[in-house]
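This report refers to the structure that appears directly beneath it.
The values are calculated or read from the model by the stated rules, or taken from the named source; none is laboratory data. Note that the structure is a prediction, hence the values are computed from the model and not measured. Because the Cβ atoms are built from the backbone with ideal geometry, glycine has one as well, and the counts that use them run over all protein chains shown. Heads up: the accessible areas ignore ligands, DNA and RNA and are worked out on the full protein's heavy atoms, side chains in. Shrake-Rupley method; radii C 1.70, N 1.55, O 1.52, S 1.80 Å.
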Amino acid sequence: MPLSQAIINVTNLRLRTFIGFNQDEREKQQDVVINIEIHYPADRSFQTDDVADALNYKVITKKVIQHVEEGRFLLLEKLVADVLDICREHPSVTLARVTIDKPHALRFADSVSLSLEYRS
């Protein structure tokens with residue numbers, strides 16, 4: 001029984017990192033909010049009920065957390081691209097989409113966000 005693509009969503013992963021090029025941004029960590037969407041074919045995992053046949057979102061999330069918390073980024077574009085690269089490492093990923101919000105980046109806005117997408 002063929003299935004459509006499985007979609008994993010990691011919603012509002014809240015981390016702290018050095019992000020920005022202004023002096024105060026380079027000296028003090030800021031909050032970022034990460035949203036990830038990953039598509040992959042689930043027919044094998046559905047049939048076998050075996051963890052080895054599924055995409056392990058916990059492994060991906062741990063890599064993202066480590067990279068973001070240990071990193072220093074001048075541009076939001078670089079941070080989003082790096083997280084997207086981590087999300088698309090697994091060969092079965094057919095689509096990955098990452099949006100990262102930088103809360104309070106602008107005085108009168110809740111946040112500024114940037115999104116990037118990968119399609120195989």
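Residues that are under 16 Å from L15 (Cα atoms) and of a type in the set (S, T, N, Q) within segment 48-83 comprise T61, Q66, listed in sequence order.
Among the residues of segment 12-28, are any among the β-branched types (V, I, T) and surrounded by 12 or more Cβ atoms within 10 Å (Cβ to Cβ)? Within segment 12-28, one or more residues are among the β-branched types (V, I, T) and surrounded by 12 or more Cβ atoms within 10 Å (Cβ to Cβ).
Looking across segment 65-93, just one residue is of a type outside the set (A, V, I, L, M), in contact with a Phe, Trp or Tyr (Cβ under 6 Å, 6 or more places away or on another chain) and surrounded by fewer than 16 Cβ atoms within 10 Å (Cβ to Cβ), and that is R72.
Reported count of residues in segment 92-112, each being without any contact (Cβ under 8 Å) to a residue 60 or more places away in the chain and in a strand (DSSP E or B), is 1. Residues in segment 20-33 that are more than 18 Å from K63 (Cβ to Cβ) and either part of a strand (DSSP E or B) or of a type in the set (V, I, T) (or both): Q30, D31. Scan segment 90-116 for residues that are in contact with a helix residue (DSSP H, G or I) (Cβ under 8 Å, 6 or more places away or on another chain), more than 16 Å from Q5 (Cα to Cα) and of a type outside the set (G, A, S) and the total you get is 7.
May I ask you to list the residues in segment 45-62 that are open to solvent by 90 Å² or more (accessible area, probe 1.4 Å) and part of a helix (DSSP H, G or I)? Within segment 45-62, F46, Q47, V51, Y57, K58, K62 meet the criteria. Only one of the numbered conditions (1) assigned to a helix (DSSP H, G or I); (2) among the charged types (D, E, K, R); (3) out of contact with any Ser or Thr (no Cβ under 8 Å at 6 or more places or on another chain) is not met by E69, and that is (3). Residue count for segment 8-46, restricted to those that are touching a strand residue (DSSP E or B) at 6+ places or on another chain (Cβ under 7 Å), over 17 Å from K102 (Cα atoms) and modelled with pLDDT under 95: 3.
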